[in-house]
1. With θ set to phi - 60°, apply the Karplus curve 6.51 cos²θ - 1.76 cosθ + 1.60 along the stretch B:18-26 and write out the HN-Hα couplings as whole Hz, x wherever there is a Gly or Pro.
2. Just report the Cα centroid separation between the stretch A:181-208 and the stretch B:21-82, whole Å.
3. Grab the beta carbon distance between residue A:336 and residue A:389, set R0 = 22 Å, and tell me the FRET efficiency rounded to 0.05.
4. Measuring from centroid to centroid over Cα atoms, what is the spacing of the stretch B:89-144 and the stretch A:373-423 in Å?
5. Whose amide H sits under 5 Å from the amide H of residue B:71, counting only residues 5 or more places off or on another chain, with H placed in the peptide plane?
6. Only bridges with both residues in the protein assembly as shown count here: give the DSSP antiparallel percent, nearest 5.
7. Looking only at other chains, what is the average number of their beta-carbon atoms within 10 angstrom of each beta-carbon in B:90-101?
8. Take chain A, mark every one of the trypsin sites (Lys or Arg not before Pro) that falls in a DSSP loop and has at most 15 other Cβ within 10 Å, then report the longest stretch left between them, sites excluded.
Amino acid sequence: MIAVIAGSAVLALAVALAVLGSRFSGALVHAGDSAPHRGVVYGLAGALVVHLLLTALDALGISWHPLLLAILLAAAIGLAHFVPPRAAEPARLPSDLGWGDALALFALLVFTCTALTLWTMTPDFIYHWGIKGSRFFLHRGVDYAWLARPWNWVLHPDYPNLLPELFATSALLGGKFEPHAQMLWTSIFFLLMLASAREGLRIADRWAGQAALAILGLTAALFGMGHLMAGAADWLMAAAFLAAVPALLRPPDRAGDWQVGIAAGFAAAAKIEGAPFALVLAATQLLRRVLAERRLDWRAALRLGLPAAAVGAPWLLRVFRHHLFLGSNSGPFDFSRADVILPALAEALADPAWHGLSLLVLLGPALLPVRRVRPVAAVATLQLLFYLYVYFTAPVETRYYVLTSFARLIFHLIPALLVAGAVAVAEKRRSALPG
Amino acid sequence: MLRKAIPALLLVWCTVSFSLEMSTALKEWDQRVTSPRGPRSWRFGNPQLERLTACLDDVRGQVPPGSVLVFASPSAQETTERAAFFRTRWAAYLLPEHEVLPIDDPAAPRVAEYVIDYRAGLDLPRLELLAQLRGCRLFKVRPL
């Protein structure tokens, strides 16, 4: 019974986040966006608003009382009505569900079943995300004093806290921190990934789109089960990248800027590597605008940079104020580590949980020549280069570091690259057609 | 032709791999009570973890929330396994209302209020036995 209440609280909070985000539909939505993708953008935007709200409560020293959270959430949804909306074209639910949708949803369902038993729960839920969520639930706020304890360096105290905040908030609304229920967040982000992928794949032809969606769903589920990924924050990164893909695949526009900006902010709030990802994502869209318009549009830059800046500034302030930044994050570039890194990368790519599909990460550089998907390929390639850079600089045992992280980090990129790959094939086919 | 064949092959590969992972997860789930996993790979349902949980449930009843607990457990033969380290991480997760740190932490002698001896066989002069619990012993730490 407790698990049912806790699970309902997770689902209710997720819906509330989407409703909150939908209040900004006038700015966030492109006329042709489908209902599922709109749901993704609304969900991410709502999560960012709540994250900023919780950050403000922490800064003011106000405890996260469940009643206060419920009132604030309701007030935010109500007040957002007064944000002048430009009525977005009504969205229709997809009526063209196909076999690819069915396979992907089946994979999600199976993964969810294994996640709810905690059998595919990531060990990082114990060592990092879950313990933080549980502590913040008890503390009714981000417990910076606890994070700053010298022995808590193992918890990555310098990471952004969006996921533990979602855990803690839903636990506060449900009355108990229940790990089974918290696994639902992973399934929700998995679902968001599928919704965004579907949107991006609308450009591809019907069969290829359905095949790519099925491949994506099966790949995420099989890696999620094999590598034990339930409860990890890596789903948020993958969901953020995929949420930006539809905007990156069409010519730059105002709503697309907001969508990319929101995705960047969401990634920056999710993980420490989300900060460089946000920078790469926003800069890529801005560069597209500059190239298309031959001028720098400052308003576009604001749309792209504001969400990540709003998330990143208070995070950095807290990290430095509480001395949370770990020395193991950065060091001098050491090229001689290549002898260790390259074999370790090969070993990580051969991780059995990927079943060889890890090689799809090479689609990043491979798709750079394809004009239509170049922005997606560029973001993936730059982020991949960033991960490699970290391996050459972080003052930790390099081989262990690569082996324990690389297979998981490429999960941020592969789902978006699968969509880009299918779109690239469709583009090639179109260009090969006569006339 | 190739444009359909490659995605089709990839789809078949993914379906087979997915089925394998699903069956592995089910098989391991069925064997969870006999799994010989070390603390690094513990999962909920493993008896090793249930033994630790029983000990920590008893600790919860003996120690006021917010206390600083030092956790001691035996190291594994294999140093890469880091058994004591990962057991402490589990203990910290299972006792989120407390501060939990490993016995080899430099701050431990200074800040410890209680020590949980999880089969480590501690015999230290500052420790005063508080309770013999399920699978572990709880000590109060005498001030320096």
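1. Taking θ as phi minus 60°, the curve returns 4, 4, 4, 5, 5, 6, 4, 4, 5 Hz for the stretch B:18-26.
2. Spelled out, the Cα-based centre of one part sits 34 Å from the other.
3. Numbers: r = 15 Å, r/R0 = 0.68.
Taking R0 as 22 Å, the efficiency between residue A:336 and residue A:389 is 0.90.
4. 41 Å
5. For residue B:71, the qualifying residues are B:101, B:103, B:116.
6. Numbers: 10 of 19 bridges.
DSSP beta bridges in the protein assembly as shown are roughly 55 percent antiparallel.
7. Values: counts 4, 0, 9, 10, 3, 2, 13, 4, 0, 4, 3, 5.
Partner Cβ neighbours, averaged per residue: 5.
8. Values: sites that count: A:86, A:92, A:176, A:294, A:295.
By the stated rule (loop sites, at most 15 other Cβ atoms within 10 Å), A:296-435.
Where a number appears in this text, it was derived from the coordinates with a stated rule and is not lab data. In this text, all values refer to a predicted model and were calculated from it rather than measured experimentally. Don't worry about glycine lacking a Cβ; one is built from the backbone with ideal geometry, like all the others, and counts go over all protein chains shown.
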